[in-house]
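Everything on this sheet refers to the single structure shown next.
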Amino acid sequence: MLHVMVTHTGRVPASITVMTRRSFGAGLFAPLPRAPGVALRAAATMAEHEFFMRRAIDAARNNSRAPFGTVLVDHEQKETVAQGFNKSSQNPVWHGEIDAINQCAAKYPGQDWTRLTLYTTAEPCPMCQSAIIWAGMPLVVYGTSIPYLKH
């Protein structure tokens, strides 16, 4: 896991954590093997990470009681392909990550998930992290950790 400090003004988290598929094995999650011929792309710049994290924060503003937002980004195209926010008051499993994944799957049925990075305002819970792994996304960037949220 690579911990990156971000200089900021406003409500952007003071730090952003970048977690690769290799990091998942250190916790509860074992990494899924990459498909043959699929290489991890070059890392995004810090400015790109901050830009897309701001978009995740904007998505989180849709729910003031549980402000968790997510964007899925195709870094080859440098564009957001889906965004989501926490709707767990309607359905207990409708977290921001799940919302964004479902929106992406509906809008882009043949999506190559290995091209995507998931940006989320908080570290994904075990359910969401499992969905990210099964989708095959190689990179997750989150703004705050689960231990921090517990305090």
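Under 10 °C and 1.306 mPa s, how fast does the stretch 72-125 diffuse according to Stokes-Einstein, given a Kirkwood radius computed over C-alpha pairs? Answer in µm²/s, whole number. Walk me through the numbers before you get to the answer.
Details: Rh = 11.5 Å.
For the chosen part, D equals 138 µm²/s.
Please sort 110-122, 90-102 by packing, taking for each peptide the average over its residues of neighbouring beta carbons within 10 angstrom, highest first.
Taking the mean over residues of other Cβ atoms within 10 Å, the ranking is 110-122, 90-102.
Which lysines, if any, have their Cα less than 20 Å from the Cα of residue 107, not counting same-chain residues under 8 positions apart?
78, 87
Keeping every protein chain present and rolling a 1.4 Å probe, give me the accessible area per residue for the stretch 74-144 in Å².
43
The values are calculated or read from the model by the stated rules, or taken from the named source; none is laboratory data. As the structure is a computational prediction, the values presented were derived from the model and not from experiment. Ideal geometry is used to build each Cβ from the backbone, glycine not excepted, and the neighbour counts take in all protein chains shown. Note: accessible area is taken over every heavy atom of the protein model, side chains too, but ligands, DNA and RNA are not part of it. Shrake-Rupley method; radii C 1.70, N 1.55, O 1.52, S 1.80 Å.
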